[in-house]
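See structure below.
The values are calculated or read from the model by the stated rules, or taken from the named source; none is laboratory data. The structure displayed is predicted, hence computed values, not measured ones. Reconstructed Cβ throughout: ideal geometry from the backbone, glycine too, with neighbour counts over all protein chains shown. When the accessible area is computed, the model is the full protein with side chains, heavy atoms only, and any ligands, DNA or RNA have been set aside. Shrake-Rupley method; radii C 1.70, N 1.55, O 1.52, S 1.80 Å.
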Amino acid sequence: MIRASKRAMGIEYAIRDVVLPARELEKKGIKVIRLNIGDPVKYDFQPPEHMRKAYCEAIMEGHNYYGESEGDFELRKAIVEREKKKNGVDITPDDVRVTAAVTEALQFIFGAALDPGDEILIPGPSYPPYVGLVKFYDGIPVEYRTIEEEGWQPDVDDIRKKITERTKAIAVINPNNPTGALYDRKVLKEILDIAGEHGLFVISDEIYDLMTYDGEHVSPASITKDVPVIVMNGLSKVYFATGWRLGYMYYVDPEGKLDELREAIDKMARIRLCPNTPAQRAAIAGLTGPMDYLREYMAKLRERRDYIYKRLNEMPGISTQKPQGAFYIFPKIEEGPWKSDKEFVLDVLHEAHVLFVHGSGFGRNGTGHFRAVFLPPVEILEQAMDSLEAFMRKRLSS
């Protein structure tokens, strides 16, 4: 047998790993309500029509060639204008790199920044690729605490305690996956101050930046003075184009502290050739076109958030914070016979036929929780919550 590398075999992705047992049930004809993957296009959301038309036109007009490794120049200009309008940042197209979604941006950043044993501070709980990709590049992901009782805000004191001589950067995911937290400006300013004190840079994942319910998103890039920030964003969430796999990253680095890192990232971009060319042409239409669709979509999501939040908090053995952004909720398993949150999730799957993701799949600080998406219409959420509530009452009374 030819053995795979330990690095590759160690990769885990809880969000999709739990799909495997769900498929086995579905093969038996059992209907499973999947609340595990944050893909709005699986439900009643689609990219806006002008973006879809632009994608088809791009293909028919011949934009099917290898593009520039940095990304289409017109798209990078559109990103500059979008980010100036949204965050007030002073960047140019030279500061922007187009990527195959945020995941590739993370691959570039970690691959360029990490030597074996280097550390990245990441929020706990956190989107799984932050842990998986840091480990893949032989780095060490270090979780900093976020405070559940305060709406999952970062614990700034814990961040400070966990910085060592091997720390390279502090990552923030805002709005947050998996908790739905929206970070306060004051907290972000404190994180920037800590990074500045220790000569670190900040990685800011802003893929859900316009998906907020109570309050507005603040980017560290909009409030930094001399601390370098790398912002990541893309089309998957706010523009509802998940399958297009297109994103971008840009640098706010007035003192040029990231120059060597930028050069390394550009080398990585060249070796993978280019992002999807026709999708980039469609992205221009998305970033420069009307956003009125978002008002309708966010109204749907707000209704669904309010419904699932109410239902979960009414159930025995479960409590949850109210998400302020994105489309995730991260309830706590208060009581029950389960030895782990993964056992809970699999028990719910096999008995109630509802699929969640175990909280420990998002890191140590997610232990004892589970993540649910509230993307489906209320009628589907109602079925899921009815099944979950019946399951909880049965388990807690036995």
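Of the chymotrypsin sites (Phe, Trp or Tyr not before Pro) found in segment 344-398, no site is in coil according to DSSP while having at most 10 other Cβ atoms within 10 Å of its Cβ.
State the percentage of accessible surface on segment 1-40 attributable to carbon and sulfur atoms; use a 1.4 Å probe and exclude ligands, DNA and RNA.
For segment 1-40, the apolar C and S fraction of the accessible surface comes to 54 percent.
Take every Cα pair under 8 Å whose residues are at least 6 apart in sequence, average their separation, divide by the length of segment 247-398, and the relative contact order is 21 percent. Classification of segment 208-330 by its C-alpha gyration tensor yields a prolate form. The axis ratio a/c (a ≥ b ≥ c) is 1.5 or more, and a/b outweighs b/c. Within a straight-line Cα-Cα reach of under 16 Å, K161 can be paired with the following aspartates and glutamates, leaving aside sequence neighbours fewer than 8 residues apart in one chain: E119, E143, E190, D193, E197.
The residues of segment 48-105 expose, per residue, 53 Å² of accessible area to a 1.4 Å probe. In the full protein context, segment 345-398 carries 37 Å² of accessible surface per residue, based on a 1.4 Å probe and ignoring ligands, DNA and RNA.
Qualifying GluC sites (Glu not before Pro) in segment 219-293, where qualification requires a DSSP coil assignment and no more than 16 other C-beta atoms within 10 Å, comprise E255. Plainly put, segment 158-209 has a radius of gyration that is 0.98 times its Kirkwood radius, both from alpha-carbon atoms, as the Rg/Rh ratio.
Rolling a 1.4 Å probe across the protein heavy atoms gives segment 254-318 an accessible surface of 51 Å² per residue. Measuring nothing but protein heavy atoms, the accessible surface of segment 245-398 at 1.4 Å probe radius is 48 percent carbon and sulfur.
Farthest towards the positive end of the charge dipole of the chain, among the residues Y127, L35, S319, is the Cα of L35, using unit charges on the Cβ of Lys, Arg, Asp and Glu.
Checking the cross-link pairs K135/K257; K339/K394; K168/K332 against a 20 Å limit on the alpha carbon distance flags K135/K257; K168/K332 as lying beyond it. Taking only protein heavy atoms and a 1.4 Å probe, the accessible area of segment 153-235 is 44% carbon and sulfur. Assuming R0 = 22 Å, can you tell me the calculated FRET efficiency for the pair S340 and D386, based on Cβ-Cβ distance, to the nearest 0.05? FRET efficiency, S340 to D386: 0.30.
Relative to the current alpha-carbon distance between K85 and K6, full extension at 0.36 nm per residue lengthens the span by 24.0 nm. Computed from the C-beta positions of E74 and K189, the FRET efficiency with R₀ = 45 Å rounds to 0.85.
With θ taken as phi - 60° and the Karplus curve 6.51 cos²θ - 1.76 cosθ + 1.60 applied, the whole-hertz 3J(HN,Hα) list for segment 143-149 is 7, 9, 5, 10, 9, 4, 5 Hz, x standing for glycine and proline.
Annotation: amide H of I140 within the under-5 Å range of G117, D118, E119, I120, sequence separation 5 or more or interchain, hydrogens built in the peptide plane. In segment 209-281, Cα pairs under 8 Å separated by at least six residues give a relative contact order of 25 percent. As a length-normalised measure over Cα pairs under 8 Å and 6 or more apart, the relative contact order of segment 46-145 settles at 19 percent.
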